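What follows is a short report on a single structure.
Read-outs throughout are calculated quantities, based only on the coordinates presented, and are distinct from any laboratory measurement. Computed from a prediction, not measured in an experiment: that's the story for all the values here. With ideal geometry, Cβ positions are generated from the backbone for all residues, glycine too; neighbour counts draw on all protein chains shown.
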């Protein structure tokens with residue numbers, strides 16, 4: 001498990017956790033509260049992700065847990081937000097006194113999950129956020145069709161094409177997500193550079209894994 005602490009304005013800090021296979025399976029149909037409490041204590045907001053662009057605004061502990069959606073934002077201290085992934089891009093957003101998470105699959109990028117999440121964060125007063133990109137599939141292992149590449153490229157407004165390790169057309173998910181974040185107004189992006197093709201992580205694309213790692217964030221007083 002990797003932890004980060006990022007300033008979130010003058011009076012708060014974002015605490016961020018990125019799990020891996022060794023920390024357990026966080027698939028929402030199998031994870032339990034005991035497993036989550038090993039990461040962060042207290043009620044969690046977890047979503048039934050549908051590769052869309054719906055954003056949950058969380059104003060009480062554990063609110064919207066189990067709702068359909070692919071992003072969540074809050075300004076509530078100690079509220080835990082999370083997304084579950086096995087190749088899609090987990091994004092953490094940190095603004096002034098606010099935090100958010102987003103699950104950015106390629107369909108979610110096309111639907112607009114990133115600008116929707118940034119807009120929801122701004123509505124809580126957290127303008128000019130920074131972002132962190134967690135473990136996701138990298139282009140070397142992500143062969144992708146030409147028509148869908150064009151869809152993603154048009155949606156994010158920047159180049160997203162790459163090649164796989166075998167020389168086939170590929171989608172660079174991290175780069176596509178970074179383009180979407182920049183276009184949405186994010187001022188700094190920290191890509192951890194972690195590839196879920198590494199056996200340390202769950203990967204549906206590379207190994208047909210059914211498990212999920214979790215990216216979780218909470219806002220705490222500094």
With the convex hull built on the alpha-carbon atoms of segment 92-222, volume per residue in Å³ sits at 110 Å³
Between the Cα axis of helix 113-123 and the main Cα principal axis of the chain, the angle (0 to 90°, nearest 10) is 20 degrees
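Could you please rank 181, 149, placing first whichever residue has the fewest other Cβ atoms within 10 Å of its Cβ? All intermediate terms of the calculation are to be shown ahead of the outcome.
Details: 181 27, 149 19.
Arranged by neighbour count, lowest to highest, 181, 149 become 149, 181.
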Mean separation of Cα contacts under 8 Å (at least 6 apart) over the residue count of the chain, i.e. the relative contact order in percent, is 26 percent
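Give the percent of DSSP beta bridges with both residues in the chain that are antiparallel, rounded to the nearest 5. Intermediate values should be presented prior to the final figure.
On the way: 38 of 51 bridges.
Antiparallel bridges make up about 75 percent of those DSSP assigns within the chain.
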With the convex hull built on the alpha-carbon atoms of segment 155-222, volume per residue in Å³ sits at 149 Å³
Connecting every pair of Cα atoms under 10 Å apart in the chain and solving the GNM, the largest mean-square fluctuation among 118, 101, 152 falls on 152
Checked segment 1-64 against the a/c 1.5 cut and the a/b vs b/c comparison, axes a ≥ b ≥ c from its Cα gyration tensor; verdict oblate
Expressed as a whole-number percentage, the relative contact order of segment 117-215 with C-alpha contacts under 8 angstrom and at least six residues apart is 34 percent
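For the chain, what is the convex hull volume of its Cα atoms per residue in Å³?
On the way: hull volume 22.1 nm³, N = 222.
Per residue, the Cα convex hull of the chain comes to 100 Å³.
Give me 183, 74, 45 sorted ascending by neighbouring Cβ count inside 10 Å, so fewest comes first. All intermediate terms of the calculation are to be shown ahead of the outcome.
Details: 183 15, 74 29, 45 25.
Ordered by Cβ neighbours within 10 Å, fewest first: 183, 45, 74.
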Cα-based Rg then Dmax for segment 1-107, in Å, read 13.0, 38
Note on segment 102-171: the mean projected area of its alpha-carbon convex hull, in nm², is 5.1 nm²
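Within a 10 angstrom radius of the beta carbon, how do 51, 103 rank from fewest other beta carbons to most? Don't skip to the answer; put the middle values down first.
Numbers: 51 16, 103 25.
Least to most surrounded, the residues fall as 51, 103.
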